[in-house]
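The values are calculated or read from the model by the stated rules, or taken from the named source; none is laboratory data. Predicted model, so just to flag it, every value in this text is computed and none were measured. Don't worry about glycine lacking a Cβ; one is built from the backbone with ideal geometry, like all the others, and counts go over all protein chains shown.
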Amino acid sequence: MVNTINRLNELRKRDGISLKKLSDELKNRYEIIVSSSQLMYYEKGERQPRNGEIWEKLAEYFNVPLSYLLAYDKVVDTMKEELPNIQKAVNTQYDSYYNMYKQADKQVDELVNKLIKQLDPDKYSTEEILSLIQPLITQVTILQETIKILLKLKDRQAEGEIIKNKIENFKTKN
């Protein structure tokens, strides 16, 4: 199911035109053959025309911009409403990973200091030294992975701002 938002039904009712009449008008004016049942499916958003020219001719017939017929403003409004929630979720994830990063960084510092104080080759065997180094390696790995995630989330934050600006520009132009 396509379920596309459009204003075909609204415009048709505004002008008091039946689906059959609209089908006939498209055929007579534009030589486009679209059955009334096809128009009904387009109206309900259950199907899309294979020929994009149909939307253009419908917009021309109703004397409205194509963007109005296809309800782009509704889509933009929906995006505008959802964007803050998405940005909030990304920011929450970023904060969570940033806190994880800070904690791992602190643990690495503590482990390095502990190693420096305790690493006397005369006192410890190779196995003991490796057992001291292993937690450090684990924390460094966590830091590396967390940095990758933080960078991706930072990119998502920037993308969110770009989308937000594009939505604002679209709304001011239309």
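Check 21, 88 and return the single one that is within 30 Å of residue 139 (Cα to Cα), surrounded by fewer than 15 Cβ atoms within 10 Å (Cβ to Cβ) and charged (D, E, K, R).
Criteria check complete, one pass: 88.
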- Task: Only one of these is more than 30 Å from residue 84 (Cα to Cα) and not hydroxyl-bearing (Ser, Thr, Tyr): 137, 142. Name it.
- Result: 137
- Query: Do you know which residues across region 3-43 are touching a residue at least 12 places away in the same chain (Cβ under 8 Å) and in a loop (DSSP other than H, G, I, E, B)?
  - Reply: 3, 4, 5, 6, 7, 15, 18, 32, 34, 35
- Tell me, please, whether a residue that is assigned to a helix (DSSP H, G or I), exposed (fewer than 15 other Cβ atoms within 10 Å of the Cβ) and of a type in the set (Lys, Arg) can be found in region 56-70. no
- Item | Criterion violated by residue 46 - all others in (1) of a type outside the set (Lys, Arg); (2) surrounded by 15 or more Cβ atoms within 10 Å (Cβ to Cβ); (3) in a loop (DSSP other than H, G, I, E, B) satisfied | (2)
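Identify all residues within region 100-136 that are hydrophobic (A, V, I, L, M, F, W, C) and either within 24 Å of residue 90 (Cα to Cα) or exposed (fewer than 11 other Cβ atoms within 10 Å of the Cβ) (or both); write none if there are none. Outline the logic, then answer.
Initially, region 100-136 is screened for residues hydrophobic (A, V, I, L, M, F, W, C), giving 100, 104, 108, 111-112, 115-116, 119, 129-130, 132-133, 136.
Selection gives 100, 104, 116.
Taking the condition closer than 30 Å to residue 156 by Cβ, out of contact with any strand residue (DSSP E or B) (no Cβ under 8 Å at 6 or more places or on another chain) and assigned by TED's automatic domain parsing to the domain that holds residue 17, does residue 52 pass?
No; evaluated as a whole, the condition is false for this residue.
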